[in-house]
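Enquirer: Let me begin by handing over the structure; questions about it come next.
The values are calculated or read from the model by the stated rules, or taken from the named source; none is laboratory data. Keep in mind that what you see is a predicted model, and the values were worked out from it rather than measured. Quick reminder, even Gly has a Cβ in these numbers, built from the backbone with ideal geometry, and neighbours come from all protein chains shown. Remember, those area values only see protein heavy atoms, side chains included, never the ligands or the DNA or RNA. Shrake-Rupley method; radii C 1.70, N 1.55, O 1.52, S 1.80 Å.
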Amino acid sequence: MKQTQELASLHLSHQHDARTKQMEIDNEEEINPRDRSAIILRQKQRGQIESSPTHPTSTLFSVDDTSTVNMINEQMLYLSRGLSDHSLQALQYFVDLTRNDHAESLRFFLIKSNILDILPHFMHNKNNSDIQISTLTILLNMTKNASNDVTSAVAFSSCTQYFSDMLNSDNPEILENVSLVIGNLGDSTCHAVNHLLSLGLSKPILHILHNSSPNPQQLYSLLWALRCLCGGGDRSLLSQQHEQPHCPDQPSPSIGVSDELIHLSSEFSFIASFLQHRSPEIVDVCVCCLYRLAQKNILALSHLLENNTAVHLLNLLPSLSGETTSFLIIRLLGSYLSLSQKHAQELIDINIVPVIAQLLVTTTSDDTRFGIAWIAANIALGPPSQINHLFRTGIPTSFILRSAYLNDRIIREVSFLFVGLVDNAPDKMGELVKVGLVQCLLDMVMRKDCDLVRNAMDCLVKLIRILPDERGGVLREIVEGPGMRSIVQYQNHPDQKLQHLASSIIAFTEEELG
């Protein structure tokens, strides 16, 4: 029991990907149901499995509730005595209790009461599928939207030793339930997910997918399990940190990954084949699998253009109603594009820029807007032939016109876009000045993010230098704009780079305007 408690307290150690640019996603819910059948599947996944209650159950557990605590201890004692009529009733009691009460305090109390050490004695009972289904239902209910501590405790418990055999069960309900439990563990720590991978759970799942034709509900549950094994780990999968770009055509390094995950990566194209399924829910979870594989193992990205996977992903974007899935696709394609100019060109050749330009106009998701800005900023690091696609589709202008309504996270990424354009497409900047670029940069200067302010003032200095014909107009906009006061104050900022940029802008205005 001591070992189970220690495992339950494991904390996530973040692993940061050294890609061209990193993004943030707060992703407690990665799949959004979009029809009635999807909702049913979601309820199944979350452990909302109906059964007839045999005992009164609480709706909000508290350790101070003496009667409930005593009942739990009594039923746990029956379970610990092995198979009997009393233990079967106890199993049903815990099915009902965990279904009706989702309090974390209850889950921790059950773990402390040794339930994860007792359930395996019932899980190996192959002669009674009802008993196996009951134990899986308890695990399913306990892992519904559970904390990392709870899911990690389940992942490292003896229960998981029986998952592989259950994945090979002839009983479709056992197969479905164990797959959903595995999938629910996908938001555990990286250590827990790696432990599940080490148990070889991906092999029977892939075998079933390769060699049979599961119905949509079974297919969803199997892909939901793969979603966990494809690398999950942290609910917030990506860092908010914006990394500096690598040298052109130099791929980012790969994260150290297990052999099992490398094997899963080789199945990238096969998993992608389910993108064409008619069920939106299955498409969503398929995208999650591909996304997680790509984030945990850069080698998976090498398969993105096989079998028209990238084309299928692009074709999905205009029709998706789930904003989260749109963002994951943007992130997946952007990860590939950011590897090098060659990779960027491959996606440009299949028209990624017109697709994201249209999406920028129609989306209401800040995450998706952020992803589009990130892709555009990467393209702005490339040659003029690639940058021209941004101007042809009006992406820089769209961001300028929307800048006042974008949050700091998005506008910070847009600032990297403008830095790239000023450096690599100076002949195009006059067009952007005419549609309000200077005012957009001044608005950035008044925000609190030092990286954002530094980028904005750097762009202003370079605009003054590279646009001699428009210099007077640019400087007048600066002097007359609300951002001028902030620029003056930055002359005394402790950051020397900000001091220098602010002083340079002031010097230009004094020289030109007196």
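Enquirer: Give a residue-ordered list of calculated ³J(HN,Hα) values for the stretch 377-390 (Karplus: 6.51 cos²θ - 1.76 cosθ + 1.60, θ = phi - 60°; whole Hz; x for Gly, Pro).
Expert: After applying 6.51 cos²θ - 1.76 cosθ + 1.60, I find 5, 5, 5, 5, 7, x, x, x, 4, 7, 4, 4, 5, 5 Hz.
Enquirer: Still on this structure: Roll a 1.4 Å probe over the protein chains and send me the accessible area per residue for the stretch 52-147 in Å².
Expert: On the way: 4310 Å² over 96 residues.
Accessible area per residue, the stretch 52-147: 45 Å².
Enquirer: Kindly rank 113-124, 141-152, 372-383 from highest to lowest mean number of other beta carbons found within 10 Å of each residue. Mind dumping the intermediate values first?
Expert: Numbers: 113-124: 19.8, 141-152: 21.8, 372-383: 24.7.
Order by mean packing, descending: 372-383, 141-152, 113-124.
Enquirer: Hey, another quick one. Once each part is reduced to its C-alpha centroid, what is the distance from the stretch 135-167 to the stretch 317-336 in angstrom?
Expert: The stretch 135-167 and the stretch 317-336 have Cα centres spaced 30 Å from each other.
Enquirer: Oh, and also: Please go through the residue pairs Lys203/Lys342; Lys144/Lys296; Lys296/Lys342; Lys126/Lys203; Lys342/Lys428 and name each one whose alpha carbons sit more than 29 Å apart in this structure.
Expert: Long pairs (Cα-Cα over 29 Å): Lys203/Lys342.
Enquirer: While we're looking at this one, here's another question. At most 15 other Cβ atoms within 10 Å and a DSSP loop assignment: could you name the trypsin sites (Lys or Arg not before Pro) in the stretch 419-469 that fit?
Expert: Values: sites: Lys428, Lys434, Arg447, Lys448, Arg454, Lys462, Arg465; in loops: Arg447, Lys448.
When the trypsin sites (Lys or Arg not before Pro) of the stretch 419-469 are filtered for loop state and at most 15 Cβ neighbours within 10 Å, Lys448 remain.
Enquirer: For the stretch 98-110, just list the computed ³J(HN,Hα) in residue order, Karplus coefficients 6.51, -1.76 and 1.60, θ = phi - 60°, integers in Hz, with x standing in for Gly and Pro.
Expert: 6, 6, 8, 10, 9, 5, 4, 4, 5, 4, 5, 5, 5
Enquirer: Also: Would you please put 280-290, 174-184, 294-304 in order of how densely packed they are, using the mean number of other Cβ atoms within 10 angstrom per residue and starting with the highest? Mind dumping the intermediate values first?
Expert: Values: 280-290: 25.3, 174-184: 27.2, 294-304: 23.6.
Per-residue Cβ counts within 10 Å, averaged per peptide and sorted highest first, yield 174-184, 280-290, 294-304.
Enquirer: Convert each backbone phi in the stretch 432-445 into a coupling constant with the Karplus relation 6.51 cos²θ - 1.76 cosθ + 1.60 (shift: θ = phi - 60°), then list the ³J(HN,Hα) values in order as whole Hz, x for Gly and Pro.
Expert: Result, rounded to whole Hz: 6, 4, 5, 9, x, 4, 4, 4, 4, 5, 5, 4, 5, 4.
Enquirer: Students often check this: by mean Cβ neighbours within 10 Å, which of 74-86, 341-353 ranks highest, and how do the rest follow?
Expert: Packing order, densest peptide first, comes out as 341-353, 74-86.
Enquirer: Accessible area per residue for the stretch 396-514 in Å², computed with a 1.4 Å probe and the full protein assembly in place, what is it? Mind showing how you got there, number by number?
Expert: Values: 5380 Å² over 119 residues.
Ligands and nucleic acids excluded, the figure is 45 Å² per residue.
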